[in-house]
Amino acid sequence: MAAINDKKGRLNEINERWKKDCACALRATATQAVPGDGNANADIVFIGEGPGRDEDIQGKPFVGAAGKFLNQMLGTIKLDRNDVYITNVVKYRPPNNRDPLPDEVESCYPWLTEQINLIDPKLIVLLGRHALERFFPEEKISNVHGKILRRSVRGLGKRDFYALYHPAAALYNGSMRATLIEDFKKIPKILKKSASIN
């Protein structure tokens, strides 16, 4: 049990250190950093694009409408937020929720890799095209959603990734929503397969 608590403490230390050291230009306009939320011993890490208005205020990722939808989908596979870790490719809200710029994503990347390497999940779920582009710039979300991508990635070594449409994009788009729900339901099976390979 001590090791589990120790890991949580180490993750907090990583986040506190990067709050001071992160060179991301978005720091200047954001209310606060949104490092991530959830279980330091999670089997699954979810990575989205960046904090929105609600996240910027509360300091937690996925707390608005898209977050409620994500919570519902976690419920369908018998998980909740305390079982997983949720973060974003940028740790600060882009002004007016614009797309994060490549140099902003790059500035936050060492923070993200430290989080992932400590948690050491069996599966990394990429929510939406911006998260996908960070790791697989050559891929399109419409082609790879619902598929497992096992690749070696800078700073992380070989990992299992699973791409999904972003809950915010799917929320008000009927066909995309149905696809996301179906892809999401495959996660337990993919996790099992991933665990047997590793």
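The values are calculated or read from the model by the stated rules, or taken from the named source; none is laboratory data. Just so it is clear, the structure is predicted and the values come from calculations on it, not from any experiment. We place every Cβ from the backbone using ideal geometry, glycine too, and count neighbours over all the protein chains shown.
In the list Y85, Y109, which residue meets the criterion of being within 15 Å of the chain's Cα centre (by Cα), over 21 Å from P167 (Cα atoms) and modelled with pLDDT of 95 or more?
Numbers: Y85 fails: over 21 Å from P167 (Cα atoms).
Being within 15 Å of the chain's Cα centre (by Cα), over 21 Å from P167 (Cα atoms) and modelled with pLDDT of 95 or more holds for just one of Y85, Y109, which is Y109.
Please go through region 136-172 and pick out each residue that is surrounded by fewer than 20 Cβ atoms within 10 Å (Cβ to Cβ), without any contact (Cβ under 8 Å) to a residue 40 or more places away in the chain and either in a strand (DSSP E or B) or in contact with a Leu (Cβ under 9 Å, 6 or more places away or on another chain) (or both). The answer is F136, E139, K140, V144, L149, R151, S152, V153, G157, K158.
For region 119-135, enumerate the residues that are touching a residue at least 60 places away in the same chain (Cβ under 8 Å) and surrounded by fewer than 17 Cβ atoms within 10 Å (Cβ to Cβ). Hits for region 119-135: nothing passes.
For region 76-117, the set of residues classified as within 19 Å of Q32 (Cα to Cα), of a type in the set (V, I, T) and assigned to a helix (DSSP H, G or I) consists of V105 only. Taking region 124-155 as the range and being within 11 Å of the chain's Cα centre (by Cα) and either on the phi > 0 side of the Ramachandran plot or of a type in the set (A, V, I, L, M) (or both) as the test, the residues that pass are I124, V125, L126, L127, G128, A131, L132. Taking the criterion of being farther than 21 Å from E49 by Cα and part of a helix (DSSP H, G or I), the residues of region 183-198 that qualify are K185, P188, K189, I190, L191, K192, K193, S194, A195, S196, I197. Scanning region 177-198 for residues that are in contact with a strand residue (DSSP E or B) (Cβ under 9 Å, 6 or more places away or on another chain), at pLDDT 95 or above and of a type outside the set (V, I, T), we see that the one that is surrounded by the fewest Cβ atoms within 10 Å (Cβ to Cβ) is K186.
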